[in-house]
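What follows is a set of notes on a single structure, which appears directly below.
Throughout, read-outs are computed from the coordinates displayed, never taken from laboratory work. Predicted, not measured: the structure shown is a model, and the values here were computed from it. Quick reminder, even Gly has a Cβ in these numbers, built from the backbone with ideal geometry, and neighbours come from all protein chains shown.
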Amino acid sequence: MKTLTVCFLAAASVCFARASDYSESVLTDLQGVGLEVRQLNVQSEEFELEYGAVEEHALRKLEEFDVRLLSAIELDVMPGQPYLEVAIDVAHAQGPSHLFVVKLELREMAKLDRPKDRIVSMSVPTWERKMMGVANRPEAILEALDRLLRIFSDEYHLMNRPEE
């Protein structure tokens with residue numbers, strides 16, 4: 001009898017799981033994002049990569065990829081809005097070659113339950129992608145950032161299609 005009950009529950013759970021509208025993506029119903037570029041960590045005197053240029057480039061690409069950017073007013077009025085955080089690390093390897101890591105994270109506010117009925121709010125990464133490589137010129141790093149922004153854009157649009 002126990003075996004029959006277990007089999008029935010297993011079969012029913014599969015049916016219920018298929019019937020649910022559950023989506024594993026954290027990008028579902030995302031209304032837009034802000035952008036924050038972390039201070040660049042460039043450990044080379046030969047490699048020129050400017051903070052302002054990276055930020056401007058990322059904003060331009062997000063607009064080009066039709067990702068809704070939250071305005072400064074939206075970000076100020078409602079703190080804790082989701083934002084994309086760009087982090088770039090570059091280190092000189094040998095000759096003109098530089099190792100790099102470009103990381104793109106979607107950060108959102110989350111409430112964490114703590115002992116003694118305390119709730120802590122903090123920004124946590126809910127989506128992350130990164131690329132590593134070797135570059136001889138700064139443009140190669142911006143191209144890696146473009147690929148990450150494209151990946152985010154594709155997933156964002158896939159999960160936020162208008163209802164037909």
Discussion item. Take Glu48 and Asp66, extend 7 Å from each Cα along the Cα→Cβ direction, and tell me the distance between the two endpoints in nm.
Written reply: 3.7
Worksheet item: With a sphere of radius 14 Å drawn around the Cβ of His92, what net charge do the other residues whose Cβ falls strictly inside it have (Lys, Arg +1; Asp, Glu -1)?
Response: -3
Item to complete: May I ask you to evaluate 6.51 cos²θ - 1.76 cosθ + 1.60, the Karplus curve with θ = phi - 60°, for each residue of segment 36-43 and list the ³J(HN,Hα) values in order in whole Hz, giving x for glycine and proline?
Response: 9, 9, 6, 4, 5, 10, 10, 9
Practice prompt. Would you pull out the residues with amide H under 5 Å of Val37's amide H, same chain only if 5 or more places away, H placed 1.01 Å from N?
Written response: Val86
Fill in: Ala93 long-range amide H proximity, modeled H, under 5 Å
His98, Leu99
Response to the item:
Once the dipole of segment 62-164 is set up from charges on Cβ (+1 Lys and Arg, -1 Asp and Glu), the residue from the list His92, Val77, Leu158 lying farthest towards its positive end is His92
Discussion item. So if each residue of separation counts as 0.36 nm, and I subtract the Cα-Cα distance between Val26 and Leu59, what length gain in nm does that give?
Written reply: 9.7 nm
Worksheet item: Can you give the charge dipole size of segment 88-131 about its Cα centre, rounded to the nearest 20 debye, using +1 on the beta carbon of Lys and Arg and -1 on the beta carbon of Asp and Glu?
Response: 140
